[in-house]
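Below: the structure, in structure tokens.
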Amino acid sequence: MKHSSVMSTSVDVIATSVLTVPTRGEGFTDITRKVARFLDETGGRTGVASLFIRHTSASLTVQENADPDVLADLLTSLRRLAPADGGWRHTIEGPDDMPAHIKTMLTSVSLQIPVIDGALALGTWQAIYLIEHRARPHSREVVMQFMGSK
């Protein structure tokens, strides 16, 4: 362990906002800057940023932001795990809908990121992504909440 600290503080800020994210269809959309902007607006210095996506066919993840091949390979992996032609029973919303539900189940609908000294405590190569699992563009909502102190 590099370092640790114990701090006694009270929660004096609980701020909530809804981020609307347009997607271009299947793929990753980096929302790190938008989450950081929200954090700046709250004035929060120490606490946690929580994110929750209000959809069952899109998800959230923290992933590498340096090599775009990582994101391409992750999409390939998700397609292999839940192919559109998988013989699914739920097809009323199209052949990509049930695979999108499975991909969401395999990833995350919520994230919690520590906030230290007013910044998201992400690693050097980490970014926050919304993953669109449907083929066509959508408008997705992410509930952002900061809980902590100024």
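The values are calculated or read from the model by the stated rules, or taken from the named source; none is laboratory data. Fair warning: this is a prediction, and the values are worked out from it, not measured in the lab. Here the Cβ is made from the backbone with ideal geometry for all residues, glycine too, and neighbour counts use every protein chain on show.
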Exactly one of 72, 49, 66 is aliphatic (A, V, I, L, M) and touching a helix residue (DSSP H, G or I) at 6+ places or on another chain (Cβ under 7 Å), and that one is 49
Of the residues that sit in the stretch 76-91 and are part of a loop (DSSP other than H, G, I, E, B) and among the hydrophobic types (A, V, I, L, M, F, W, C), which one is nearest to residue 32 (Cα to Cα)? 82
Top-ranked residue of the stretch 11-53 - restricted to ones that are under 16 Å from residue 128 (Cβ atoms) and of a type in the set (D, E, K, R), ranked as surrounded by the most Cβ atoms within 10 Å (Cβ to Cβ): 34
Evaluation of residue 85 against (1) at pLDDT 95 or above; (2) exposed (fewer than 12 other Cβ atoms within 10 Å of the Cβ); (3) among the acidic types (Asp, Glu) (one fails), failing number: (1)
Tally, over the stretch 109-127, of residues that are under 28 Å from residue 94 (Cα atoms) and of a type in the set (Val, Ile, Thr): 1
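State which residue is surrounded by the fewest Cβ atoms within 10 Å (Cβ to Cβ) when the search covers only the stretch 118-134 and only residues that are among the β-branched types (Val, Ile, Thr) and not in a loop (DSSP other than H, G, I, E, B).
The initial filter retains those residues of the stretch 118-134 that are among the β-branched types (Val, Ile, Thr), namely 124, 128, 131.
Imposing the further condition that a residue be not in a loop (DSSP other than H, G, I, E, B) reduces the set to 128, 131.
Working: 128: 24, 131: 26.
That would be 128.
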Need the failing condition index for residue 101 against (1) at pLDDT 95 or above; (2) of a type outside the set (Gly, Ala, Ser); (3) more than 19 Å from the chain's Cα centre (by Cα), just the number. (3)
Residues being of a type outside the set (Ser, Thr, Tyr) and outside any strand (DSSP E or B): count how many of those fall in the stretch 18-75. 29
Only listed residue being within 24 Å of residue 22 (Cβ to Cβ) and β-branched (Val, Ile, Thr), chosen from 46, 56: 56
